[in-house]
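*Asks:* One structure coming up, written as structure tokens, with questions to follow.
Nothing in this text is a laboratory measurement; each read-out follows from the coordinates by a stated rule. Note that this is a predicted model, so its numbers are computed, not measured. Methodologically, a virtual Cβ is constructed for each residue, glycine included, from the backbone with ideal geometry; neighbour enumeration extends over all protein chains shown.
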Amino acid sequence: MQITKKLFLVAFFGSMIFWGTIFGQNMQQVTALNEQQKSSIMPNPIFPLGNKIEGGNFTGSVWVQQLVTADSTFNAPVGNVVFEPKARSKWHRHPGGQTLLALDGVGYYQEKGKELQLLRQGDVVRCPPDVEHWHGASHDSWFVQLAITPEHPKGRVIWLQEVSEAEYQIGLTKNPKTEVNVNDLEKRHQHIVAISAFTAKGDLGQLSKAVAAGLDAGLTVHEIKEVLVHLYAYCGFPRSIQGLNILISVLDARKKQGITDEIGKPASPILDILPKYDRGKKVLEALTGQPQTAPKTGYGAFSPEIDTFLKEHLFADIFGRDVLSYQDREVATITALVNLGGVEPMLKGHLGIALHIGMTEAQLKDLLSIVGANIGAREADAGRKVLSEVMALRKK
């Protein structure tokens, strides 16, 4: 195998009651999904998420989107594959060989009789013809790859036995840092919590300090701006716009002090050609792990337009943007809901999503501790009560 480095409106439609309905209906299913994962960040894929595949030739959930099909001129189909943490293929071989391009996250790759290797963004794998191998996501990270697999008279792939737990666990020895500090909220998320908390509360003085601290810690201007834009869906346009004004003033003051802040990557255009409603459904399915195929009930049946706004705007337009990961957005969302208070059903839903996309109970407790230190014990204690209820449901 060769690996070479290359080559990456005031309160969102009013009171947000619809959140309680959608997540209340799905809560028991969402919270019972996966065993608690560690510190994975679900990426916003460059390409459409594709169709979800469970079982069969894979362990865990995998999404596949065929991008290029073979024809008489080009005999190598290209597919985009997204693995959730711990998901992986069976052992298999390709009569015509295969090339893998790692697009995001951390993955594992192993050929029969050789050492397991880590794959990170920009890595390229060339697997020779008929060499037994497997690949998938690491223990605590999603993994996105492009697979280029030539057609062959014997077939493109020959599936073999499952990857044993012992074989998969070798990945932890290759990437021991994944076991370190899994109980702590990562630094960038700590700053997102502070920025989100003060934005939701409207404490502009403390928000100014939190924005400056976030910039000092390495958050880019576009990342902080995206957090503030995201928050309008939960605490309204006024709070969001005030937050953006604070960011502008902080940047101006720092520029006068001779500080040059990293602007960072702006949001990319969304190129998915699916209708926005269907795109929003796919994002929601990825967040909750549940198909959005049930007949509309409750608010969705009573007010179909709200269901449309929810899918097309919140999930397709906002969660679909790529400056922040899904986990970044859930950290901001949970913080805002804890500070708002009185929205326990929505908070339950988002805590369930956070656990599903890889955050740990300990990390969410850390989030609530930061809220308690910055905003108040009452809000943090209320959040802890809801988290306890969510964890109790997951253990049933």
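*Asks:* All other residues with a Cβ under 15 Å from the Cβ of ASP71 taken together, and with Lys, Arg as +1 and Asp, Glu as -1, what is their net charge?
*Replies:* 0
*Asks:* Could you give the nm distance between label points at GLU262 and ASN51, where each point is 7 Å from its Cα heading toward the beta carbon?
*Replies:* Distance between label points: 4.0 nm.
*Asks:* Pairs LYS296/LYS395; LYS86/LYS114; LYS86/LYS112; LYS90/LYS154; LYS52/LYS86; LYS86/LYS265: which are spaced more than 23 Å apart, C-alpha to C-alpha?
*Replies:* Values: LYS296/LYS395 29 Å; LYS86/LYS114 20 Å; LYS86/LYS112 19 Å; LYS90/LYS154 18 Å; LYS52/LYS86 15 Å; LYS86/LYS265 29 Å.
Checking Cα-Cα distances, LYS296/LYS395; LYS86/LYS265 exceed 23 Å.
*Asks:* Net charge near HIS94: determine it from the other residues with C-beta under 14 Å of the C-beta of HIS94, scoring Lys and Arg +1 and Asp and Glu -1.
*Replies:* Numbers: positive: LYS90, ARG93, LYS112, ARG126, LYS154, ARG156; negative: GLU111, ASP130, GLU132, GLU151.
Computed value for this residue: +2.
*Asks:* What order, most packed first, do the peptides 302-312, 238-248 have when packing is the mean number of other Cβ atoms within 10 Å of each residue? Numbers along the way, then the final one.
*Replies:* Numbers: 302-312: 16.2, 238-248: 18.6.
Sorting 302-312, 238-248 by mean packing, highest first, produces 238-248, 302-312.
*Asks:* Then there's this: If each residue's Cβ is checked for other Cβ atoms within 10 Å, how do VAL157, VAL125, VAL193 rank with the fewest at the top?
*Replies:* On the way: VAL157 18, VAL125 22, VAL193 26.
Sorted ascending by nearby Cβ count, the order is VAL157, VAL125, VAL193.
*Asks:* Also, quick follow-up: How much mean residue ellipticity at 222 nm does the chain get from its helices, if each DSSP H run of length 4 or more adds -39500 (n - 2.57) and you divide by all residues, to the nearest 500 deg cm²/dmol?
*Replies:* Only helices count here, giving -13500 deg cm²/dmol.
*Asks:* For the range 51-74 and the range 239-318, what is the separation of their C-alpha centers, rounded to whole Å?
*Replies:* Comparing the Cα centres of the range 51-74 and the range 239-318, I get a distance of 27 Å.
*Asks:* Only loop residues by DSSP count here, and only those with at most 10 other Cβ atoms within 10 Å; note down the GluC sites (Glu not before Pro) in the range 87-171 that meet that. Could you put the intermediate results ahead of the total?
*Replies:* Values: sites: GLU111, GLU115, GLU132, GLU151, GLU162, GLU165, GLU167; in loops: GLU115, GLU132, GLU151, GLU162.
For GluC sites (Glu not before Pro) across the range 87-171 that sit outside H, G, I, E and B with at most 10 neighbouring Cβ atoms in 10 Å, the list reads GLU115.
*Asks:* Now for a different question. Using the Cα atoms of the range 40-179, I'd like the radius of gyration and the largest Cα-Cα distance, Dmax, both in angstrom.
*Replies:* Values for the range 40-179 (Cα only, Rg and Dmax): 14.2, 48 Å.
*Asks:* For ASP322, what charge total do you get from the other residues with a beta carbon under 14 Å from its beta carbon, if Lys and Arg give +1 and Asp and Glu give -1?
*Replies:* Working: positive: LYS225, LYS265, ARG279, ARG321, ARG329; negative: ASP104, GLU223, GLU226, ASP272, ASP317, ASP328.
So the environment of ASP322 carries a net charge of -1.
*Asks:* Next question. Counting other Cβ atoms within 10 Å, keep those with at most 14, restrict to DSSP loop, and tell me which chymotrypsin sites (Phe, Trp or Tyr not before Pro) in the range 69-149 are left.
*Replies:* Working: sites: PHE74, PHE83, TRP91, TYR108, TYR109, TRP134, TRP142, PHE143; in loops: PHE74, TRP91, TRP142.
In loop regions of the range 69-149 (DSSP not H, G, I, E or B), the sparsely surrounded chymotrypsin sites (Phe, Trp or Tyr not before Pro) are PHE74.
*Asks:* Once you put a point 7 Å from the Cα of ALA70 and another 7 Å from the Cα of ALA362, both along the Cβ direction, what distance in nm separates them?
*Replies:* With each label point 7 Å from Cα toward Cβ, the separation is 4.7 nm.
*Asks:* Computed over the Cα atoms, what is the radius of gyration of the chain divided by 2.2 N^0.38 Å, N being its residue count? Let's see the in-between values first.
*Replies:* Working: Rg = 21.9 Å, N = 396, 2.2 N^0.38 = 21.4 Å.
In units of the globular-protein estimate, the chain measures up at 1.02.
*Asks:* Which order do peptides 372-382, 257-267 fall in by mean Cβ count within 10 Å, highest first? Don't jump to the answer; show the numbers that get you there.
*Replies:* Numbers: 372-382: 16.2, 257-267: 11.9.
Descending packing order for the listed peptides: 372-382, 257-267.
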